[in-house]
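Enquirer: To start, I am sharing the structure in question, which I have written as structure tokens.
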Amino acid sequence: MRFGILGPTQARPDGERPVPVGGPGVRALLGLLLLNAGRVVTTERLIDGLYGAEPPAGATNALQAQVSRLRQHLGDLVVREPAGYRLAVDPDDVDAPRFERLAAEGRRALDAGDPAGAAGLLDQALALWRGPALADVPDAPFAPVQAARLEELRLSAAEDLTEARLALGRHRDLLPELQERVATHPLRERSRGQLMRALYAAGRPAEALAVYDEARRVLADELGVDPSAELAAIHLAVLRSDPSLAPASASAATGGRPVPLTSLVGRDDELERIGALLAEARLVTLIGPGGTGKTRLAIEAAGRWPGEVCLVELAPLTDGADVPQAVLGALGLRETAAAIPAPGTRQGAADPVARLVAALTLRPVLLVLDNCEHVVEEAARLADRLLAACPALRVLATGREALGITGERLCPVPPLRVPPPADEAAGESAAEPSVEDALAYPAVRLFAERAAAVRPGFVLTPGDVGHVLRICRALDGLPLAVELAAARLRSLPLARIAVRLGGDDGDPAAEGDAPRFALLSRGSRTAQPRHRTLRAVVEWSWDLLDEPERALARRLTVFAGGATLEAAERVCGLPDTDGVLASLVDKSLVEVVDDRYRMLETIRAFCAERLAEAGESETMRQAHLAYILDLAATADPHLRGHGQIEWLRRLDGERDNLQAALRRAVRAGDLAPALRLLSATAGYWLLRGLRGEAARLGAELLGEVGATPPEGLEEEHVVCACLVAWGGTSGPALDALVAEAIGRTYTLPMPPRQPYLLVLNAMISGPPSGEMLGRMEDLFRALERDPWTRMLSRFSLSYLKAFDGRLDEAEQELTGALRDARAAGDVWLRVMMLSAMSDVADGRGDLERVEALTNEAIDLAERLGATADLAESLCRRGWARMRSGHMDAARADFERAAELSRRTGAPEILATALLGLGELARHDGDLPGARRWYETALAECTAEWFTAEETRSHVYLALGWAAQMSGQAAEALAWHRRALTTGLGTRSLAMTAAVAEGVAGVALLEEAPERAAWLLGVGGALRGAPAVRDPDVARIEARCRTVLGDDAFDRTYAEAEAFTRQRVPATAGVTRGAAEGAAEGAAEDTEAAALTVIERHLSALGG
């Protein structure tokens, strides 16, 4: 400060060193000029101020003399103007004007509700005082009035500072200062009122009353008046223990920034987004259903805000009109008579919104409006008004719907992530995540943290993971629900909580969901009532709905996994479904995901109770079943044509609804529509590889239907049985039902209404026996009548011809069928045809063509989302790559196929992938490792149907080769015999050929190279071509040629080929017409002859 008059006069023209100013006259002149710093003071005012009402003669000359003396000290700062003189300094360089500015700014900050800012300004102002104003020129005529004016301003500023500090909760620190001020100025009622308030806040109400009594006595004695109405109001407030006199809290002192008691889990992304939104927008609203943790997230975000924060709890309000008052209260701006206005002002009952505008106009504060949903209109109006009038204000709101005003930015708060459920198709083979992987999901981590808080020493173990995942999934990862569940560990074991909360069939009304709400009925005593139980959370939202919204909310619960708008309109049967749905979305009762409307399971369970109370459960079940059955029937033909991929994806969205509709129908005894629904969706379950899921549904239905289907639904009954067998679900009574029903497949009218029945039956039963083949001519003629079954029959014929080694004929059938499948737009059939063609190419040893064909099949399977078929094609490519010497690429294919088959629950494909990994180990010389792979593969294919049988045969062959490479002839022979005597070995010449080649390896161990060469010739004849690029056959052949010589080997090989062709019929007698027919029994002759050829050598070798 360059100049000062708040105390003795001071002058520092250079801002550093003080200079002497001269005698009293010069100091008085300087003081008068400083009071008007930077402004012209007329000559007349200077003379009056320095010499009084009766100046001496020659006062003008005397003034000029004083100015000259002052210039000796200040130089050109004293400027002559036409009307008088001006001190050329900034008013802020003079303590008195600076004090007045700071005091006025502090008063405005106090009026605006910023006690912290006010205290800072007023502290600076009062710090400028060094003693009484104009202390060293008290006799100058102008000085007494100016000193008295400045002293009043000082006292008012001191009282303003006291007011600010009271608002900041510093009442105890103020007592000595207030007591001294009251003693010095006993008639200042504002200071007495402040002393009374400070004493009361310090717990000394009796002394506060004594201060009032003393004031009444002093005022009566000295002025003959009573205390003012304002002081009397404080007296009355003390007598009544008015809450408005309570000391301000520490949180209010720092702007209302709450301090959470628990850690925030899994919200890093949301916190980052909120920070970014607040940086660019002035209104951000966190929206989401009840219990997602919006309040907790807002508190955490506010805690990271660099400026002042004020949290406003709106949940307790019952009337929206109270919203402005709630904000006033949170800001510490109480509407009471407990504060006495400063002199020159008056207190009135101002409009609360106007008070808020005045308080926040220049105040950079983050206002957190928490839980706006039940007062959303009033909260929106207030936020809009404040943001428009207060440019430094930002608002962070929370609620179950948006405020809906211009400039609002929304931040949805979803439940915490939980691990996705294991695909039901994987069945028992689907493993839960490890502890480490599970804890990577926020919902699991939250449960573990809160569980450790209520049960010291709790640590998530591998045995706990399944229970915790079931809990978190059942509760949708809803933070409040997860915390309430964890709290029950005080009294219940983890497994029991999981059982009581877990629901597996997507039907909240199946057994009632009251246990869920009863279990989660004990929350924090300090929480808002609506957050103490799970039911209260949802009920709070329900109570805010109108009747159309409630009707739609309860009826939507019939959908499992959500609904499209079309489905909601058809099933729920309400007018303006679109508009009401939009309202439920706005209120966070329903969420939209990929054009589907769904409820969190907790909300759905509550609304399902309301559906039952309304007596609408059965009506809605029937409406839902009718809609889903119609959808399935519509989709079925599209699954065999150009719309295949689109309709598969559409049914993916309805998968939960398909299951729920079917299960409810079975439980309600609606068996006929249940059979129709399961049959109509057979193609979906098949193409998606959902065998475990379909089998469980089918088993439940078949158990209710029994052996006798409803009239007219015989085919649907067989489809049901085939789905059960395909998925491997079994049991003594069930197996008998399944076998009896499947046995009736070809007694049904052909082609079937559900063509996928033929595919399922073939997968279960494999190629027909020779006896059956002779009776299938009529079947193939019938299948010609339908374009899709015609393609399927050509595929089947190619398969049978490939089995018999007739590779050219098989390829011809497949080429035509593939052309038709492309024209029909059936992607899945194309995958099947390409896979079969790659098998033909593999039989010829054309491994490059195998890779090209499987690459195309893999691409189509990925587009289709056919995981099981993709895994199977990867295995085919892996075999080709291995035989081509590309071992690393083959290993990658087998490993990926194993992962996919585990995921989709296809144990026989998993076994094939494991077999491939075993073969890689064997060819690398790791025989123990190879055996471990083979044994694991065998453990995966225990089913008694064709595909599993085929895989087992190949594993037996591999085990035989491993034994041969170890020099164990007897063991090798035993494994090859097992491969030969499986169902596949007796029906497939290709498998018989492979066994013959394996036995050739045993013959070499027994030092019978000529027999080995003979058996290799048998294998080539049975296969229809020599084994090309087979490393085992090549190794055996090379050894035979070394021992026998090339000529002897070639002669023996040719003799064996001729012998085999002479004794084994060249065809299997499979025809589509008389021209291609062969005598019944030809197939049996082929099989018997092939076995006879091999058996003779097995016996000769001791097998």
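Enquirer: Would you mention how many residues in region 975-1017 are surrounded by fewer than 24 Cβ atoms within 10 Å (Cβ to Cβ), modelled with pLDDT of 90 or more and within 19 Å of PHE803 (Cβ to Cβ)?
Expert: Selection size over region 975-1017: 0.
Enquirer: For ALA868, state whether it is farther than 23 Å from GLU809 by Cα, touching a residue at least 60 places away in the same chain (Cβ under 8 Å) and either assigned to a helix (DSSP H, G or I) or not acidic (Asp, Glu) (or both).
Expert: The answer is yes for ALA868.
Enquirer: Right, something else. Run down ALA127, ALA206, ALA103, ALA133 and say which single residue is modelled with pLDDT of 90 or more, surrounded by fewer than 18 Cβ atoms within 10 Å (Cβ to Cβ) and among the aliphatic types (A, V, I, L, M).
Expert: ALA127
Enquirer: Could you tell me which residue of region 988-1016 is nearest to ALA958 (Cα to Cα), considering only residues that are assigned to a helix (DSSP H, G or I) and of a type in the set (Asp, Glu)?
Expert: Once the filter is applied, the top-ranked residue is GLU997.
Enquirer: Determine whether region 154-167 contains at least one residue that is under 30 Å from PRO24 (Cα atoms), touching a residue at least 40 places away in the same chain (Cβ under 8 Å) and of a type in the set (S, T, N, Q).
Expert: Checked against the condition, which is being under 30 Å from PRO24 (Cα atoms), touching a residue at least 40 places away in the same chain (Cβ under 8 Å) and of a type in the set (S, T, N, Q), region 154-167 yields at least one hit.
Enquirer: Let me confirm something: among THR398, THR406, which residue is under 25 Å from ALA582 (Cα atoms), within 32 Å of the chain's Cα centre (by Cα), part of a strand (DSSP E or B) and at pLDDT 75 or above?
Expert: THR398
Enquirer: State yes or no: is LEU150 in contact with a Lys or Arg (Cβ under 8 Å, 6 or more places away or on another chain), modelled with pLDDT of 90 or more and assigned by TED's automatic domain parsing to the domain that holds VAL41?
Expert: Considered against the rule, which asks whether it is in contact with a Lys or Arg (Cβ under 8 Å, 6 or more places away or on another chain), modelled with pLDDT of 90 or more and assigned by TED's automatic domain parsing to the domain that holds VAL41, LEU150 comes out as no.
Enquirer: Here are the criteria: (1) of a type outside the set (A, V, I, L, M, F, W, C); (2) within 60 Å of the chain's Cα centre (by Cα); (3) surrounded by 16 or more Cβ atoms within 10 Å (Cβ to Cβ). Tell me which single one GLN146 does not satisfy.
Expert: Answer for GLN146: the failing condition is (2).
Enquirer: Residues of region 81-99 being part of a strand (DSSP E or B) and either touching a helix residue (DSSP H, G or I) at 6+ places or on another chain (Cβ under 8 Å) or at pLDDT below 85 (or both), which ones?
Expert: GLY84, TYR85, ARG86, LEU87, VAL94
Enquirer: If the requirement is being surrounded by fewer than 19 Cβ atoms within 10 Å (Cβ to Cβ) and at pLDDT 75 or above, which of these qualifies: ALA551, ALA518, ALA582, ALA527?
Expert: One residue alone meets the criteria, ALA582.
Enquirer: Now for a separate question. With the checklist (1) part of a loop (DSSP other than H, G, I, E, B); (2) more than 22 Å from VAL265 (Cα to Cα); (3) at pLDDT 85 or above in hand, flag the one item ALA431 doesn't pass.
Expert: Going through the list (1) part of a loop (DSSP other than H, G, I, E, B); (2) more than 22 Å from VAL265 (Cα to Cα); (3) at pLDDT 85 or above, ALA431 breaks only (3).
Enquirer: Another question about this same structure. Kindly list, by first and then second residue, each pair from a residue in region 311-327 that is on the phi < 0 side of the Ramachandran plot to a residue that is among the charged types (D, E, K, R) and not in a strand (DSSP E or B), limited to pairs with Cβ atoms under 7 Å and residues at least 6 apart or on different chains.
Expert: Every condition considered, the pairs that remain are ALA315/ARG530; GLY320/GLU377; GLY320/GLU378; ALA321/GLU378; VAL323/GLU378.
Enquirer: Could you please let me know if LEU469 is outside any helix (DSSP H, G or I), crowded, with 19+ Cβ neighbours inside 10 Å, modelled with pLDDT of 85 or more and not hydroxyl-bearing (Ser, Thr, Tyr)?
Expert: no
Enquirer: For region 607-656, how many residues are touching a Gly at 6+ places or on another chain (Cβ under 6 Å), within 22 Å of GLU700 (Cα to Cα) and not acidic (Asp, Glu)?
Expert: Qualifying residue count, region 607-656: 0.
Enquirer: Also, I was wondering about something else. Go through (1) of a type outside the set (Gly, Ala, Ser); (2) under 26 Å from PRO1026 (Cβ atoms); (3) buried (at least 23 other Cβ atoms within 10 Å of the Cβ) for LEU847 and report which single condition fails.
Expert: Against the list (1) of a type outside the set (Gly, Ala, Ser); (2) under 26 Å from PRO1026 (Cβ atoms); (3) buried (at least 23 other Cβ atoms within 10 Å of the Cβ), LEU847 comes up short only on (3).
Enquirer: Please enumerate the residues belonging to region 172-203 that are at pLDDT 90 or above and not in a helix (DSSP H, G or I).
Expert: HIS185, PRO186, LEU187, ARG188
Enquirer: Please give the number of the condition ALA116 fails out of (1) on the phi > 0 side of the Ramachandran plot; (2) surrounded by fewer than 20 Cβ atoms within 10 Å (Cβ to Cβ).
Expert: (1)
Enquirer: Let me ask you something else. Take the conditions crowded, with 16+ Cβ neighbours inside 10 Å, assigned to a helix (DSSP H, G or I) and of a type in the set (Val, Ile, Thr) and apply them to VAL218. Does it pass?
Expert: No; evaluated as a whole, the condition is false for this residue.
Enquirer: Please give the number of the condition THR285 fails out of (1) modelled with pLDDT of 85 or more; (2) assigned to a helix (DSSP H, G or I); (3) not charged (D, E, K, R).
Expert: Against the list (1) modelled with pLDDT of 85 or more; (2) assigned to a helix (DSSP H, G or I); (3) not charged (D, E, K, R), THR285 comes up short only on (2).
Enquirer: Now for a separate question. Output the residue which, of all residues in region 1-22 that are farther than 13 Å from ASP93 by Cβ and touching a residue at least 12 places away in the same chain (Cβ under 8 Å), is surrounded by the fewest Cβ atoms within 10 Å (Cβ to Cβ).
Expert: Within region 1-22, the match that is surrounded by the fewest Cβ atoms within 10 Å (Cβ to Cβ) is PRO20.
The values are calculated or read from the model by the stated rules, or taken from the named source; none is laboratory data. Predicted, not measured: the structure shown is a model, and the values here were computed from it. Note that each Cβ is placed from the backbone with ideal geometry, even for glycine, and that neighbours are counted across all protein chains shown.
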